[in-house]
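The values are calculated or read from the model by the stated rules, or taken from the named source; none is laboratory data. Not measured: the values here are computed from a predicted model. All Cβ positions, glycine included, derive from the backbone under ideal geometry; neighbour counts span all protein chains shown. SASA here: full protein model, heavy atoms, side chains in, ligands and nucleic acids out. Shrake-Rupley method; radii C 1.70, N 1.55, O 1.52, S 1.80 Å.
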Amino acid sequence: MIARMPTTPAPHHAKAKAKHWPTPQPSDLIGPESADIPALREEAKGCRRCPLWRDATQTVFGEGPESADVIFVGEQPGDQEDLAGKPFVGPAGRVFDSILDDAEINRRKVYVTNAVKHFKFEPRGKRRIHSKPNAGEIQACRWWLDKELDLVKPNLVVALGATAAQSLLGKAVPITRMRGDVIEREDGVRIFVTIHPSFILRIREHEDKEAERERFLQDMRKVKQLMAA
């Protein structure tokens, strides 16, 4: 059970409940001490912290200004991201960009990254089918995400989906129940929990898809309010 945060709740207009959460313990693997995001990105090109690098085309690191007010954290790069070397440039990324635009959030002013930096997939003929990262892979890659948080120092971190939330909070959490909540870790990092935009793409019925898109848009409008809080 999660205790309610006794001090400084999130703004009422954001309709988000702030809660305490222990800070996840850092990975026990030693990594480089880069002074800025470009240096960290360069170091990550040679990442061997888990076996996923063997089949992936390249490391797909975070992207955006180091002074960003918000960091959006997804699950992992997909097929198109793996080939391009950039986060959120595939179908889910296009949905994400469209909804950010509707919410009046400028993507060029936010930092976008993933909990896992290499594409995990299963070959199926000529296609590469997304495969969900396991707990060990999430933990191994969390060193990079922690460093991104340390260097950017955002006002808010948005967990897009279950893998991102698990990485940021240190354990699996129910996204449906916690969606729209603001979790404040013991280290002061505020985390807003919502779905990954790829969830919208998987909905078949047009009416249901549009309803979920609208709900995600409302989440992003809350994020915009919280960014300045």
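Can you name the helices (runs of 4 or more DSSP H) wholly within the range 119-197 that have at least 3 residues being hydrophobic (A, V, I, L, M, F, W, C)?
Numbers: elements: 135-152, 162-169, 175-178.
Hits in the range 119-197: 135-152, 162-169.
Only one entry of ARG179, ARG124, ARG202 meets the criterion of being in contact (Cβ under 8 Å) with a residue 40 or more places away in the chain, among the charged types (D, E, K, R) and out of contact with any His (no Cβ under 8 Å at 6 or more places or on another chain), and that entry is ARG179.
The numbered conditions (1) closer than 17 Å to PHE72 by Cα; (2) among the small types (Gly, Ala, Ser); (3) part of a helix (DSSP H, G or I) are all true for ALA229 except (3).
Can you find even one residue in the range 116-123 that is out of contact with any strand residue (DSSP E or B) (no Cβ under 8 Å at 6 or more places or on another chain) and modelled with pLDDT under 95?
Looking through the range 116-123, none of the residues is out of contact with any strand residue (DSSP E or B) (no Cβ under 8 Å at 6 or more places or on another chain) and modelled with pLDDT under 95.
Given the criteria modelled with pLDDT under 95 and either within 16 Å of PRO154 (Cβ to Cβ) or open to solvent by 40 Å² or more (accessible area, probe 1.4 Å) (or both), does MET220 qualify?
Working: modelled with pLDDT under 95: no; either within 16 Å of PRO154 (Cβ to Cβ) or open to solvent by 40 Å² or more (accessible area, probe 1.4 Å) (or both): yes.
Answer is no for this residue.
Restricting the search to the range 195-223, which residues are polar (S, T, N, Q) and in contact with a Pro (Cβ under 8 Å, 6 or more places away or on another chain)? SER198, the sole residue that qualifies. Within the range 95-138, the set of residues being of a type in the set (A, V, I, L, M, F, W, C) and within 17 Å of the chain's Cα centre (by Cα) comprises VAL95, PHE96, ILE99, LEU100, ILE105, VAL110, VAL112, ALA115, VAL116, PHE119, ALA135, ILE138. Could you check, for the range 167-180, whether at least one of its residues is surrounded by fewer than 19 Cβ atoms within 10 Å (Cβ to Cβ), touching a Lys or Arg at 6+ places or on another chain (Cβ under 7 Å) and of a type in the set (A, V, I, L, M, F, W, C)? Checking the range 167-180: not a single residue is surrounded by fewer than 19 Cβ atoms within 10 Å (Cβ to Cβ), touching a Lys or Arg at 6+ places or on another chain (Cβ under 7 Å) and of a type in the set (A, V, I, L, M, F, W, C).
Every condition in (1) farther than 27 Å from LEU40 by Cα; (2) acidic (Asp, Glu); (3) buried (at least 18 other Cβ atoms within 10 Å of the Cβ) holds for GLU137 except the one numbered (1).
Within the range 86-119, the set of residues being in contact (Cβ under 8 Å) with a residue 60 or more places away in the chain and surrounded by fewer than 16 Cβ atoms within 10 Å (Cβ to Cβ) comprises PRO91, ASP102, GLU104. Candidates ARG185, ARG204, ARG179: the one that is touching a strand residue (DSSP E or B) at 6+ places or on another chain (Cβ under 6 Å), more than 18 Å from LEU100 (Cα to Cα) and of a type in the set (Lys, Arg) is ARG185.
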